[in-house]
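The values are calculated or read from the model by the stated rules, or taken from the named source; none is laboratory data. Everything numeric in this text was worked out from a predicted model, so none of it was measured. All Cβ positions, even for glycine, are placed from backbone atoms using ideal geometry, and neighbour counts span all protein chains on display. With ligands, DNA and RNA removed, areas are computed over all heavy atoms of the protein, side chains included. Shrake-Rupley method; radii C 1.70, N 1.55, O 1.52, S 1.80 Å.
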Amino acid sequence: MTTSTSTSTSSITTAGSRARQRMTMKVLVLLGLLAGAAFAGFPVLWMLASSFKSNTEIFEYPPRLVTESFSFDAYVTILTDPEKVRFFVNSYVVSLSVTALTLVVAILAAYAFSRFEFRFKRPLNMIIVSVQAVPPITLLIPYFGLMVTLGLYNTYPGLILTYMVFTLPYAIIMMTGYFNTLPRELDEAVRVDGAGSMTALWRILVPISVPGIVSVGVYTFMIAWNEYLFALTLTKTQDMRTVPIGIQLLMGQHSYEWNEMMAMSILGSVPVLILFLFFQRYFIGGLTSGSVKS
Amino acid sequence: MITTPTTLTESAEPSAPPPTRTPTQGPARRRRLGHPGEPYAFIAPTAVLMLVLMIVPIVLVIGYSFMDNVITKKNPEFVGVENFVEVLTDGVFATALGNTLFFTIVSVVAHLLLGLGFSMLLNSPLISRASRAVFRVIYILPWLFTAAVIAVLWRMLLNPNGVVNYLLSSDVEWLSSPSLALGAVTFINIWAGYPFFMISLLAGLQGIPADLYEAATVDGANGWQRFRNVTLPQLRPIIISMTLLDLIWTSQQFALIWMTTGGGPIHVTEMLSTFTYKLAFSRYEFALASTSAVIILLLSMVLAFFYVRHQRARD
């Protein structure tokens, strides 16, 4: 009797302290989340705010998030300057071409890796995995020499080919991971019926792989859009420069037009931000299934 | 196996499909489907690209590293290991190596800790799905910006008259002071790079079966013990993969350094990548730059070896 009452009272108090503990935990988690959000988000917010300020107000004291002179002037300046618009055109041409070519080549390779056994499969696979570790700076010097020799220096094809060495390995690894999750019976049934592998791949496997293809495409586009080192070295003339180099060129001018640099940064990030926001579900799923579980 | 009637009937059901499947599997089926050369046709574009864009350049750069000078010189001559001696005894190379080590190790440790912390906060059952989604997007933001944007942004924030100095009531020149610059670029890189860790760890956390935690709770484990004995061991493979990948990527960082400090002031933020780049494109010493690039390649291959071995072990 005595023992049972004592345990029931103690369980009541533990229930009460549990609820209190839970409340404290919730507050702590929220505080942690807010602190993290400030760390991650404040610089981005400041960039956005600065793009609407006048250049003199960027370093005013004390600093304010929103100033009286709120305007879109910096954006207008950039979007009406043909030289700067050209940076965007170049980035779109290069990034979209890289994405399309990478997807085609990677889908073919991933199909082989996922559905066939063949000699050299393991060494090839190992090469593709280890390519991720080859430092870009190591490739830069021979590429510079090669591109000049081949007449591809300062051209779109030169940049597009170059970027594929970085996009292709990820695309193949992610795409193979995705195909591996799809039952073999799907495409093999078609092949048993006498259709070729190409038909099985493009008619059956590719249509149901759209989520995987989207995530690979978004990631490929991001890599190409953001590339800096090779864009800097393998292009020479102003009309071949891409957005990251354009931002740097703006930074290198004598008078710092900070509001324009921030506006250019925002405009230069919009494609990636939009792709990410629209496809984040596919994207995060695809990225983790490829990079983590492969 | 066949002990009781119940297990027999149970096992009879699932084992029914395999016998019907076996004839179509194995060599018989493989012969029927396509030519033996088929996979090679699918692989061919990749193989050609990898050969032209990877194998040939690596062979070339190794060749360059043994020449007196290349690209600018018409008939380069073989000079043996002379370039290697020159690069390895260069004081700036040693500085760059030290800086790269500091930058890489501090960044990766911080990426891991922030990524783990944020992913656990985001995975907390105490907050609603909606706020979790909003926070997740905010936390991923830094990763979506290109290095050029991150560099300009932080140059503005860390400006002597900038908002960081205002918030800290200080007036230091973060990026041009010899004692602060390395710490500052490392901090910027930490800000820019933790989300990739976070996404992977979040996926890992969501993959941990809930009954593992229930069992631990039943055994009387407290929060810390559950973290140490359930969460960490479950995340271990992801943590190892991500750490190795991040070590590889961070040690190769170029764009961020180049656009914030350019390796200065007086080489305090010089990295192996900026050192090599300057050799090639400021001094036009392409052979020495190739030597430095080959040394970086060798260092990276050590990390790559562990990465590939770890990935294989997980398959």
| field | For the range A:264-285, residues shielded by at least 30 square angstrom of accessible area compared with the chain on its own, probe 1.4 Å | value | A:SER269, A:LEU273, A:PHE276, A:GLN280, A:ILE284
| message | I need the helices of chain B that pass two filters: whole DSSP H segments spanning 18 Å or more by Cα along the axis, and mean Kyte-Doolittle score no lower than -1.0. | response | B:38-50, B:91-122, B:129-144, B:181-206, B:232-251, B:286-314
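Express the relative contact order of chain A as a whole percentage, based on alpha carbon pairs under 8 Å and six or more residues apart in sequence.
Numbers: 261 pairs, mean separation 84.0, N = 294.
That works out to 29 percent.
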| said: For chain B, what does the relative contact order come out to in percent, with C-alpha contacts under 8 Å and a separation of six or more? | reply: 26 percent
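Quick one: if the Förster radius is 25 Å, what FRET efficiency do A:LEU45 and A:GLU83 give, using the C-beta to C-beta distance and rounding to 0.05?
0.30
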| request: Just add up the charged neighbours of B:LEU279: K/R +1, D/E -1, any other residue whose Cβ is under 13 Å from the Cβ of B:LEU279. | output: -2
| field | 10 Å Cβ neighbours from other chains, averaged over peptide B:124-132 | value | 3
| field | Long-range lysine pairs (8 or more apart or interchain), the protein assembly as shown, Cα under 30 Å | value | 9
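Summing -39500 (n - 2.57) over the DSSP H runs of n ≥ 4 in chain A and dividing by its residue number, what mean residue ellipticity at 222 nm do you reach, to the nearest 500 deg cm²/dmol? Could you put the intermediate results ahead of the total?
On the way: 11 runs with 218 residues, N = 294.
Rounded to the nearest 500, the figure is -25500 deg cm²/dmol.
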| query | Near the amide H of B:MET67, under 5 Å away, which other amide H atoms are found, from residues 5 or more places off or on another chain, if H is placed in the peptide plane? | reply | B:VAL79
| message | Treating only the Cβ of Lys, Arg, Asp and Glu as charged (+1, +1, -1, -1), what charge dipole size does the range B:56-206 show about its Cα centre? Round to the nearest 20 debye. | response | 840 debye
| Leaving out ligands, DNA and RNA but keeping every protein chain, what accessible area does A:VAL93 have, in Å² rounded to the nearest 10, with a 1.4 Å probe? | 50 Å²
| Among A:PRO43, A:LEU205, A:ILE127, which residue has its Cα positioned farthest towards the positive end of the charge dipole of the protein assembly as shown, with +1 placed on the Cβ of Lys and Arg, -1 on the Cβ of Asp and Glu, and the dipole taken about the Cα centre? | A:LEU205
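Counting only other residues whose beta carbon sits under 14 Å from that of A:TYR75, what net charge do I get with K and R as +1, D and E as -1?
Working: positive: A:LYS53, A:LYS84; negative: A:ASP73, A:ASP81, A:GLU257, A:GLU260.
Net local charge, A:TYR75 excluded: -2.
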| query | For chain B, what does -39500 (n - 2.57) per DSSP helix run (n ≥ 4), summed and divided by total residues, give at 222 nm, in deg cm²/dmol to the nearest 500? | reply | -22000 deg cm²/dmol
| note | In a Gaussian network model of chain A with springs linking alpha carbons closer than 10 Å, the residue among A:LYS84, A:LYS121, A:LYS53 that fluctuates most is A:LYS121
| So, with a 1.4 angstrom probe, what is the percent of accessible area on the protein assembly as shown that is carbon and sulfur? | 67 percent
| What spacing in nm lies between the two simple spin-label points modelled at B:ALA47 and B:HIS35, each 7 Å away from Cα in the Cβ direction? | 1.3 nm
| remark: Dipole check, the range B:158-315, charges on Cβ (K,R +1; D,E -1), about Cα centroid: among B:SER292, B:TYR166, B:GLN253 the Cα furthest to the positive pole belongs to B:SER292
| Which of the listed residues, A:VAL272, B:ILE58, B:ALA210, is farthest toward the dipole's positive end in the protein assembly as shown, when Lys, Arg count +1 and Asp, Glu count -1 at the beta-carbon? | B:ALA210
